[in-house]
Structures are given as C-alpha cells and as structure tokens.
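Down below is the structure, laid out as structure tokens.
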Amino acid sequence: MKRRKFIQNAALGSVGVTLGPTAMACNETSKKEFSALKDIEDSKATLPVVIATWNVHKATEKAWKELENGASALDAIIAGCGVEEADAKGQTVGIGGLPDREGRVTLDACVMNEKGEYGAVVCMENIMHPIAVAKKVMEETPHVMLAGKGAEDFAVSQGFKRVNLLTDASKKAWEEWKLTSEYQPIINIENHDTIGMLAIDKNGTISGGCTTSGLAYKMAGRVGDSAIIGSGLFVDNEVGAATATGLGEEVLKTVGSFLIVELMRQGKSPQEACEEAIKRIIKNTPNFEDFQVGYIAVNKKGETGAYAIHQGFWTTTYQNGKNENVQPGFYNKKG
Ligand code: GLY
C-alpha cells in the first residue's frame, strides 16, 4: 500500500470512517505507518477546521458554512477570503486596500489545493477578488502565476468586473502619507493585515489561500510574500499547511510557510513549527523590533498553531462548531 494512500485512509479514520481489517492487515504497511494512523486517531482535534489570520470571524463563518454545504476546502477558502476582499472598510485586502506610493492599489493572492496545484496573481489592479482569479489561473491556464495587466486582462476574460479599488478613505490616508513620505512597515496595521486562510474538510482534504494589498505605500511594482508559494502559503495534503501575514520581505527570505510544513513533517506540532519559523527570522534580522510577521498552521489531524514576532497578532479558528478569536503567543516580550 502506498504511503500517500495509507495516510489518506488514516485521515478518514479520524473523522469516523472505520478502516476495515483488510486495510489494517495490509502486509506492505510498515510499523511507521501504523504509528501515523494511531497518532491521527489519538488526536483530540476535530475536522473540519478553518483557521485564518486576524480577526475575521465573518470570513471563517462563511468558509465553515460553505464546507457544511459540501463545498471543497478550496472553494470554502475563496468564499471566506472573498468576504474580506469585498469589505471596503478593510485597508489591507481587496477593495479599500492602501495603495502604493503612486496611489495604485495592487493586489497579490494565491491558492494551493490538496493535489499540490497552485495559482497566483501579483500586482493586479482593478479586480476585487484576486483569490478567485488565482484559482482561475490554476485551473484555466498552463501557468501558475500572472502579473499586472496580464492578470487583470485574464480576470476580465474570465468574467470578473473592473472596479476602482481606491476608496476615499484609502486615498485620504495616502495623501496624508505623501506629506512626509516616510517609509516604514506598520506593525499590526489596523489589526487586519494579509488574510491567509487554511481549511480541512471533513474528509481530511487540505487547501489554503492568501490575499493582500501588500505593504502600504510600497514602491511601484513591489511584490511581497503572499502570492509566492512556500513563503506566504504552502499546503501538503499528507502533512498540513501554513500561511503568513506581516512583512513579506522577511517571510520570503526564510520561505516561512514551506519551512513550517517541513518542520511538521519532521514531527513538530503546528505550534512548535510556527515558533521555529519566527525564530529563524529573528536569528537573521537584528531589526526585528521594527516589523511584524505572524504565522498560522494546521496539521493533518486538524491541530492548529500560531505565533508572531510581536503582540497584537490575532487568529480566528472555526472548529468543533465554534468560531473563536485567539491571540497567539509572540516572541518580543519587551515590546
Ligand atoms: N504579507 C504581505 C506583504 O508583505 O505584502
């Protein structure tokens, strides 16, 4: 029996589908695989689960309801993140996002599914739902990433409408910023930054998505971590998934989400893996007090973890019928 197949079966066991004696007696099944099965069955975590960065209970609720209605984990994520992208009051994703230095709102987003398929858009203007466009890139093109005008034109060709993403409030904030034009990352920007969301459906299928307007007042053309696979998001259906928020440059340099998934593969819990990934940034970056990074992760059992450099990061988890905001642990106790 192939390892992938076995672990999929193990996940089914964790959600109430009984494995028959044939599967348990499979001659080719190694002791290690039996222990993986036991591990999953022993876990107190339940499926399905939806976890997202920041206080986004409406988004996780939407995703959870989609899962309840039979949507795939990926479609649940796209619907959930779409709630935030459509909220003009939110200044970190979708419509209302803070612009670059030239006043342009440019969006990055990506998705990854249980098959390891990936789609992304970067630096895309005038389209409210980049995460849905990212899925179209994954499904409808031979590529994994489209940028700028090409991404926008592709979105329109797929039926997305062009809209002005720069709201009056974000325009005003940009005009005020221009008076000094001082550039520095904002820690915990309005307690709502990049939205990363991970979901596991009741069958144990994992997907993830990440969407952002990026760093406020960034240089024109700047792309952060959120749409870059392995950095802003990574999913491995045998192991788990991770996603990031905060200063993308630091996540990119440490390929944070891939690192977390690989640490979980080696046996760390989602919490331990998130903490290790934050420490990797701290180790390489003496000015860590000047910026925020936060990670969330989930493993195949539905166990979750989260950690940040600074206080003020929040997560929202919908699991076991409860939709809860949690403030995770953080590294910088002096701040
Ligand atoms: N994490 C979002 C960005 O840096 O663009």
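Using a simple charge model, +1 on the beta-carbon of Lys and Arg, -1 on the beta-carbon of Asp and Glu, nothing else, what dipole does the chain show about its Cα centre, in debye to the nearest 20? Don't jump to the answer; show the numbers that get you there.
On the way: 37 positive and 42 negative charges, 109 e Å.
That gives the chain a dipole magnitude of about 520 debye.
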So residue 326 and residue 115, fully extended at 0.36 nm per residue minus their Cα-Cα distance, gain in nm 73.0 nm
Enter the angle in degrees (range 0 to 90, nearest 10) between the Cα long axis of helix 168-178 and the first principal axis of the Cα atoms of the chain, meaning the one along which they spread out most. 70 degrees
Just to verify a number: FRET efficiency for residue 149 and residue 102, C-beta to C-beta distance, R0 = 25 Å, to 0.05? 0.95
In a Gaussian network model of the chain with springs linking alpha carbons closer than 10 Å, the residue among 96, 150, 208 that fluctuates most is 150
Using only the Cα atoms of the chain, build the gyration tensor, take square roots of its eigenvalues as a ≥ b ≥ c, and label the shape rounded, prolate or oblate: rounded if a/c is under 1.5, else prolate if a/b is larger than b/c, else oblate. prolate
GNM on the chain, C-alpha springs below 10 Å: top fluctuator among 313, 154, 258? 154
What is the distance in Å between the Cα centroid of the range 223-286 and that of the range 100-121? 17 Å
For the range 135-206 the GluC sites (Glu not before Pro) that pass both the DSSP coil test and the at-most-15 other-Cβ-within-10 Å test are 182
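Show that you can apply the helix-only estimate: for the chain, add -39,500 (n - 2.57) for every DSSP H stretch of four or more residues, divide by all residues, and state [θ] at 222 nm to the nearest 500. Walk me through the intermediate numbers first.
Working: 11 runs with 118 residues, N = 335.
Mean residue ellipticity, 222 nm, calculated: -10500 deg cm²/dmol.
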So the angle from the long Cα axis of helix 130-140 to the longest Cα principal axis of the chain, reported in degrees to the nearest 10, equals 60 degrees
Treating only the Cβ atoms of Lys and Arg (+1) and Asp and Glu (-1) as charged, compute the dipole magnitude of the range 182-335 about its Cα centre; round to the nearest 20 debye. 240 debye
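Read the figures in this text as sums done on the coordinates, not as results from a lab. Just so you know, these numbers come straight off a predicted model, no measurement behind them. Quick reminder, even Gly has a Cβ in these numbers, built from the backbone with ideal geometry, and neighbours come from all protein chains shown.
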